[in-house]
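One structure is given here, and the rest of the page talks about it.
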Amino acid sequence: MRTSMRTLRGRRLGAVAAVTGLALLALTACSGGSGATTGTPGSATSGDITWWGWTPDATNASKLIAAFNKEYPDIKVEFVSKPIDSYDSVLSPAITSSQGPDVFNVAPGSANGGVQTFEAGAIDLTSAVEGALGSDWKSKLAPAGVDGLSVGDKLVGLSAGAVYSGGLWINQDIFDKYNLKAPTTMAEWKSVCATLTADGQGCFVQGAGQWAFDMDTFEAIADNVEPGLYVKASKGEVPWTDPKFVTAMDLWKSLFTDGIMQEGAVGLQQYPDANNAFMSGKYAMVMMGTWYTQYAVKDSMVAAMEAAGVGSPTPITITPIPFPDLAGTGNTGSMFGDADYGLAVSAKSTKQAAATTFALWLTTSTAGQQAVANTLNDIPALKGVTPQWDQIDLVNSDKQKAALQTYTEGAGAATEPRFATVSADLNTAFRDALIGVASGDKTSMQALEGLEAVQKAQK
Amino acid sequence: MSAATTAPHPTGRPVISTGRPGGARRGRRRSHLQGAGLPWILPAVVLIVGLIYFSIGFTGYVATLDWNGFILSSPTHVGTANFTKMVGDTVFWNAIWHTAYFYVITFTVQTAIGFVFAAIMHSRVRLGAIYKVIIFVPTVLAPATMAPVFRQIFDVDGQFNWLLSHVGLDALTRPWLAESSTAMGVVMAITIWQWTGLTFILFYAAMSQIEPEILEAARIDGAGSVRTLWSIVWPMCRGTTSALAMLGLIGALKTFDIPYLVTKGGPNHGTEFLGTYIYQTMVQQKHFGYAAAISVALLMLAIAGGVLMSVRNRRAEGR
């Protein structure tokens, strides 16, 4: 009897162990990098496809899809907006499933939706883009949208457009009210801030706790010290401990000590804190990139101000200005950027042809790129396409139009990357370096040595 | 009432028999019940073993990989490299140190305030029910709801600095969340604000269990209120204090929401906890293997802390 009970217990334990073992094997197999099972092409001109992304916003996505459907009425596109913070978490399991998105956003470098991470879940779009633009397709597209969205020879995503940083945005209404001119040097910047502060008006705001924007400011300063040095260092061609970076880091520190950066900046995030503070008129200047161009449009500005907590807002006039010449070298106006998002076609999709049709139309056709350009959210990837300014309802066309035209043309010509050459580890190291210096916990050299250590570890 | 008798047992230990008739039958019934109950608990066993224990084991396996977390990406086996890296990682050790003093301070303050509030509430104060609700409400508020409020309150232009200025303490105003030295204080203050209500309720319940005669006897013996609290009530609430200490330890090790939502673990890792560091390493840096290694360390700490506390409590009860 005792023996039989033992046997029974043993069998039960065996069953539990077997179930556990099978689950272990299944999950281990899943994690073993088995590669994506290839989906099927289906029809190139009809079908229902799903597009996942953190951008554009729902309004702009609807506009883009509506423009697409004028040419391809039988392809129904459903845009599913996912929060950027959780994008990677939800995308990862989704694109291993045939029920997941047919088209999904990817981004260069260490951003969310990084091509390096999700390359295995996407098809190579090289032949598709060759078919659409010819063998010299690379010369027709902005380099940032090609290099940054490729892994080796595989073109993982097609860039819809790019975003660039490097300049500042000012509230022109505040500057006009106090009869101020946009600062072009460190001394002018200090003077502007002193005037505004004396009148109880905030000057410059940055959420320095969100270090991606700190990196923008630092790259702008480094480019001011010597153009291109930052990118060379991020590629390991120049050490971060180079004396020129010490100068750049000291200038970064001076923004905090010389009354330019608002007090308590490292305790704030760029989104929503700094953005809301600027949109609600508490501050006259902010470090933002070309994506802010969309808020030069009346409706978008009103919506942004409402989102920032302003009741019944009167849209403010924002204009872009070059980053001031802090180092006194005359190297100003530098802009750097990456593809905002690229469209990747899921390797698991059963409608790859229709998905590719949509991706190609949005990113390589004149009509698709014109629709992108007119949202003012991205600088189009297809060269030669610019916003149709006369059809855009700016807040204050007289004050904004010329500045915006110059700004977008300058951005479109920029070749320097923003995050594409910065690994996730280096990105994190920048947080420790820039916030450490800003808060006085690290010297400039200590911070730069930290960056260099990470850079060397990557080799 | 039948006397208990002892009988020899194959193990050599005496078996206490109640002498009640039908004891053997009851024993048979129990074993029959155990057999019949097995299928009922099997789903729970499969669920727990299959999900929780398997997940723990799988986390241990992932800790030996260099992997970006995407299922289709091939991981690289790196053996114990992630654990070696962890040993030399100052952020990891800082996170442990933060956890330790966060636990000591929040537990001590919460216990003191909760105990005093509970004692006061037992003194038949007016509007006692309203006080109870006011003290307990923070416990049921979601941190995600409160985080923007606290970020505003402790902003450089926030209400806390406004208050300090208006009571003549301008010298103390500062950007509370922007300095490593003060950000942790804010995180601890929010935690204490949130959880003191629970401490209070549990102490209040424990004090309700004390026989009034005991307190009356203390009074007759000449003990004042403070002496009664310290020498009678506090020792009789030891069980509650132990339970709160255990809950506090678990809570400290799992701390994530408040530092993540209010300070993002910064500035300069000044409010970094193991939870926030695991999240950052895994989600932002895509080092799933290293994050898993830290998770294993967290599990070990939790087990060690739980065992130590159980042993300590058992010793205290034995005194």
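The values are calculated or read from the model by the stated rules, or taken from the named source; none is laboratory data. In this text, all values refer to a predicted model and were calculated from it rather than measured experimentally. Using ideal geometry, Cβ is built from the backbone for each residue, glycine included, and neighbour counts are taken over all protein chains shown. Areas reflect the complete protein model, heavy atoms only, side chains present, ligands, DNA and RNA absent. Shrake-Rupley method; radii C 1.70, N 1.55, O 1.52, S 1.80 Å.
Values as computed for the structure displayed
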| quantity | calculated |
| --- | --- |
| Failed condition for A:T317, given (1) open to solvent by 30 Å² or more (accessible area, probe 1.4 Å); (2) of a type outside the set (A, V, I, L, M); (3) over 18 Å from the mean Cα position of the chain (by Cα) | (1) |
| Filtered residues of the stretch B:242-274 (kept if of a type in the set (A, V, I, L, M, F, W, C) and farther than 12 Å from B:M184 by Cα) | B:A243, B:L244, B:A245, B:M246, B:L247, B:L249, B:I250, B:A252, B:L253, B:F256, B:L261, B:L274 |
| Unique residue being buried (at least 22 other Cβ atoms within 10 Å of the Cβ) and not acidic (D, E) when the list is A:A208, A:A187 | A:A208 |
| Set A:D176, A:D124: member being assigned to a helix (DSSP H, G or I), among the charged types (D, E, K, R), open to solvent by 20 Å² or more (accessible area, probe 1.4 Å) and out of contact with any helix residue (DSSP H, G or I) (no Cβ under 7 Å at 6 or more places or on another chain) | A:D176 |
| Hits in the stretch B:281-303 (condition: away from every other protein chain (no Cβ under 11 Å) and either under 14 Å from the mean Cα position of the chain (by Cα) or not in a helix (DSSP H, G or I) (or both)) | B:L298, B:L299, B:L301, B:A302, B:I303 |
| Tally, over the stretch A:413-428, of residues that are open to solvent by 30 Å² or more (accessible area, probe 1.4 Å) and in a helix (DSSP H, G or I) | 2 |
| Lone unmet requirement of (1) open to solvent by 40 Å² or more (accessible area, probe 1.4 Å); (2) polar (S, T, N, Q); (3) touching a residue at least 12 places away in the same chain (Cβ under 8 Å); (4) in contact with a helix residue (DSSP H, G or I) (Cβ under 9 Å, 6 or more places away or on another chain) for A:N377 | (1) |
| Filtered residues of the stretch B:217-248 (kept if of a type in the set (G, A, S), open to solvent by less than 40 Å² (accessible area, probe 1.4 Å) and touching a residue at least 12 places away in the same chain (Cβ under 8 Å)) | B:A218, B:S242, B:A245, B:G248 |
| Candidates A:K140, A:K154, filtered to the one that is touching a helix residue (DSSP H, G or I) at 6+ places or on another chain (Cβ under 9 Å), in contact (Cβ under 8 Å) with a residue 60 or more places away in the chain, more than 22 Å from A:A61 (Cβ to Cβ) and more than 13 Å from chain B (Cβ to nearest Cβ) | A:K140 |
| Qualifying residues in the stretch B:47-76 (those that are more than 10 Å from chain A (Cβ to nearest Cβ) and touching a Ser or Thr at 6+ places or on another chain (Cβ under 6 Å)) - the one surrounded by the fewest Cβ atoms within 10 Å (Cβ to Cβ) | B:D66 |
| Residue in the stretch B:197-214 that is within 14 Å of another protein chain (Cβ to nearest Cβ) and in contact with a Ser or Thr (Cβ under 7 Å, 6 or more places away or on another chain) present | no |
| Residue count for the stretch A:313-370, restricted to those that are within 20 Å of A:L155 (Cβ to Cβ) and acidic (D, E) | 2 |
| Matching residues in the stretch B:77-90 - criterion: being under 20 Å from A:V454 (Cβ atoms), open to solvent by 80 Å² or more (accessible area, probe 1.4 Å) and away from chain A (no Cβ under 12 Å) | B:T84, B:V87 |
| Output for the stretch B:263-280, where each listed residue is more than 9 Å from chain A (Cβ to nearest Cβ) and either modelled with pLDDT under 95 or open to solvent by 30 Å² or more (accessible area, probe 1.4 Å) (or both) | B:G265, B:Y279 |
| Tally of residues being under 23 Å from A:V286 (Cα atoms) and not in a helix (DSSP H, G or I) across the stretch A:227-256 | 1 |
| Considering residues of the stretch A:251-265 that are among the charged types (D, E, K, R) and over 16 Å from A:A187 (Cβ atoms) only, the residue nearest to the other protein chains (Cβ to nearest Cβ) | A:E263 |
| Yes/no for A:G410 being in a loop (DSSP other than H, G, I, E, B) and open to solvent by 20 Å² or more (accessible area, probe 1.4 Å) | no |
| Flag for B:A118 being touching a Phe, Trp or Tyr at 6+ places or on another chain (Cβ under 8 Å), among the aliphatic types (A, V, I, L, M), within 14 Å of chain A (Cβ to nearest Cβ) and farther than 30 Å from A:A274 by Cα | no |
